[in-house]
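See below for the structure under consideration.
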Amino acid sequence: MGRNIILAAISLAIAIGPAFADDEDAVSERPSVAFRPAVIDAVDRVIAPGYDALAEQAATEAERVSDLCFQADDERLALAREGFGALVLAWSIVEMFRFGPVRDENRYERLFFWPDPRGRGLQQIQRILGGEDASATAVETLRGKSVAVQGLFALEFVLFGTGSNTLADTAAPDRSFRCRYGAAIAGAIARTTRELDEAWKAEDGYAALMRDAGPDNPVYRSHGEVVQELIKSCREQAQLDQQLKLAFTIGATPDEAKPKLAPFWRSNLTIPSIRANLAAVVSLCGPDGIGAILPGSADWQAGSLAFEISSADHALAGISRGDTPWETMVADEHGHDTLRYVQIPLGGAVELLEQGYPAAFGLITGFNSLDGD
């Protein structure tokens, strides 16, 4: 409940609704658009490969953490940390899909328990480490615990948080338990991502539901509804990056910043993960994606969306070269100004996806899944 209140409190509102307008009075002149090819392209080019890559990276990371537990050294710790980075970027590509199988069995929260402004997840992780809770060292029993202790942020703390360097030290008394807990987390993530991948790819899975939209479909009555769902996903991701990952965490000035509320600050993957989010938005909704089917009078919007996001990405790339920690970037006047600037083109992208695209396609607006309603 608290996470939903935070989301609502920063005005993540008025998004694209989940249903295509059936009331003829709601859309006076609905344009004739071939939605089905765009849906098939989105599934086959973006969604399915994205979940494939996520499951593959999760399996690789589970192996690397297990290797680290078997033989502790600096090289294996470096490989596990490197693998975590690849896993976070793979997640960031599909993070925008907050519908479908990821909503079953709390899979989204099992992987990405954020925001957590009161640090409750961290408190639970630290209790497990401090008390050496043996039930947290097996995948099956760990998955029965709080979602906060079995996902990406739990693994990040094990690999990058306070005391993580002991993972490479065979003489450290707490190394064994910490590593076994980390291995269980990585295994739980691998299990969850594999379930997601299979749920999308099954013969009667969610990809099939999207491809076969129609009157008898239990979820989507038309391919227009599917496109509306996808545009909503792009808009919500751009808005979340703009308002919650950036504006809320960096504040109006460096002195007001709360950089440790940002995702993946310990591993210094905050900016890389946001850039991956934005790349996914362009891939799905830009000129080579849904934007390609915009009616002729509105086709300029796809290029504008790509331009706005490219402007934001270029600025983020400019301040994230090297190994400068996220907290340092936020505290630096130039870095802070740049992060504030990034919110401007992201706002332009949100406006296009919130108003321009729906109007061009004759879609309605309404419910926002980020409101937690």
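The values are calculated or read from the model by the stated rules, or taken from the named source; none is laboratory data. Computed from a predicted structure; not experimentally measured. Backbone-built Cβ (ideal geometry, glycine too); neighbour counts: all protein chains shown. Note: areas computed on protein heavy atoms with side chains; ligands, DNA, RNA excluded. Shrake-Rupley method; radii C 1.70, N 1.55, O 1.52, S 1.80 Å.
General observations
- Global form of region 92-146, assessed from the alpha-carbon gyration tensor, a/c cut-off 1.5: oblate
- Accessible area per residue in Å² at 1.4 Å probe, computed on the chain: 42
- Overall Cα dimensions of region 184-323 - principal axes, largest extent first, Å: 56, 51, 25
- Length added when fully stretched, residue 341-residue 321, from 0.36 nm per residue minus Cα-Cα: 5.4 nm
- Degrees separating the helix 300-319 axis from the principal Cα axis of the chain, which is the longest one: 20
- Helix 223-239 and the long axis of the chain differ in direction by around 50°, with both axes built from C-alpha atoms.
- Cα-based shape type of region 193-242, given that a ≥ b ≥ c are square roots of the gyration tensor eigenvalues and the cut on a/c is 1.5: oblate
- To the nearest ten degrees, helix 270-285 and the longest principal axis of the Cα atoms of the chain are 30 degrees apart.
- Shape of the chain, Cα gyration tensor, a/c cut at 1.5: prolate
- Looking at region 273-373, the trypsin sites (Lys or Arg not before Pro) that sit in a DSSP loop and have at most 16 other Cβ atoms within 10 Å of their own Cβ are 321.
- When the trypsin sites (Lys or Arg not before Pro) in region 43-146 are filtered for DSSP coil states and for at most 10 other beta-carbon atoms within 10 Å of their beta-carbon, no site remains.
- Alpha carbon centroid spacing (whole Å) that separates region 213-237 from region 78-153: 28
- For the chain, the fraction of 1.4 Å probe accessible surface lying on carbon and sulfur atoms is 50 percent.
- Counting only GluC sites (Glu not before Pro) that DSSP places in a loop and that have at most 13 other Cβ atoms within 10 Å, the longest clean stretch of the chain runs over 30-202.
- Note on residue 103/residue 252: beta-carbon distance plugged into 1/(1 + (r/R0)^6) with R0 of 41 Å gives a FRET efficiency of 0.75.
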